[in-house]
Amino acid sequence: MKLLENSSFEALSSQLCVETGESRILGRIESYSCKMAGDDKHMFKQFCQEGEPHVLEALSPPQSTSATSPSQLGKSSEDGENPLSDKCCRKTLFYLITTLNESFRPDYDFSAARAHEFSREPSLNWVANAVNSSLFSAVGEEFHSLGPELWSAIDQEINLQSCDIYSYNPDLDSDPFGEEGSLWSFNYFFYNKKLKRIVFFTCRSVSVLSGYGRGSLDNELDMDLDDEEEMDGFTEDSYPRALCI
């Protein structure tokens, strides 16, 4: 798995790290290539020792069990399966686990994650509404302008109409967001099999009283201050003088 550069995602991720009085929002959107190389191939061989790549694994029921048909906005057609079936092939499961490892390393290791910790969401509409509701309740009116920009950027990167959507819903023991002070979180994978690419959208809200996540916000502030200092430092004396011969 390789993290793909995307300036729009970097800007959006920066806007999704905010403090809102009683809570801190820590969001991140990343794009990964599913093309395996080096260590990925070695890990995939180890992963396949527990089952062949095309063997289907049972997933947990989707969060959106009452959602409308995915044919309206998104679809799920992997290997000709019923779009509403709660299963995926082991190769896809490997992609999901590897994406988590790449995104959260070195803080967490998801190599022991199992299929029942994931769900396939049959409705893009439901997922979008769930994300929008969580972020609007946290950020407020500012999300009215941010929301359309966010979904447009994701669509341009991954083509949402052609995606299978998965969510990661671990138990409390293995949940990286299960620390004290965590208020809510979501982890969505938008997988375009044809493009061999996954967009990973993760976000959490933590209580300011817990002190967790303070470092991420401080880093954003430090970067802003560094940029200002660099601009202030561009005085005439900062440039090398031409040599007179």
Margin query: If I ask for residues that are among the hydroxyl-bearing types (S, T, Y) and crowded, with 16+ Cβ neighbours inside 10 Å, which ones from region 123-142 would you list?
Written below: S123, S134
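Going by the structure shown, is L225 over 17 Å from the mean Cα position of the chain (by Cα), modelled with pLDDT of 65 or more and within 21 Å of Q15 (Cβ to Cβ)? Break it down into steps so the answer makes sense when it comes.
Working: over 17 Å from the mean Cα position of the chain (by Cα): yes; modelled with pLDDT of 65 or more: no; within 21 Å of Q15 (Cβ to Cβ): yes.
When the stated conditions are applied, L225 does not pass them.
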Next item on the list: Quick one: in region 143-162, of everything that is within 17 Å of the chain's Cα centre (by Cα) and over 19 Å from A130 (Cβ atoms), which residue is surrounded by the fewest Cβ atoms within 10 Å (Cβ to Cβ)?
Entry: Q156
Margin query: Just to verify a result, which residue in region 11-54, among those that are within 20 Å of Y191 (Cα to Cα) and surrounded by fewer than 13 Cβ atoms within 10 Å (Cβ to Cβ), is modelled with the highest pLDDT?
Written below: K35
Checklist line | Top-ranked residue in region 8-30 [being of a type in the set (D, E) and touching a residue at least 24 places away in the same chain (Cβ under 8 Å); ranked as nearest to V199 (Cα to Cα)] | finding: E30
Next item on the list: Return only the number of the condition from (1) closer than 21 Å to P61 by Cα; (2) charged (D, E, K, R); (3) at pLDDT 95 or above that D155 does not satisfy.
Entry: (1)
Notebook entry, point to check: Can you name the number of the only condition in (1) at pLDDT 80 or above; (2) under 18 Å from Y168 (Cα atoms); (3) in a loop (DSSP other than H, G, I, E, B); (4) not hydroxyl-bearing (S, T, Y) that Q63 fails?
Noted result: (1)
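The values are calculated or read from the model by the stated rules, or taken from the named source; none is laboratory data. Model, not experiment: these values are computed from the prediction. Please note: Cβ atoms are built from the backbone with ideal geometry, for glycine as well, and neighbour counts cover all protein chains shown.
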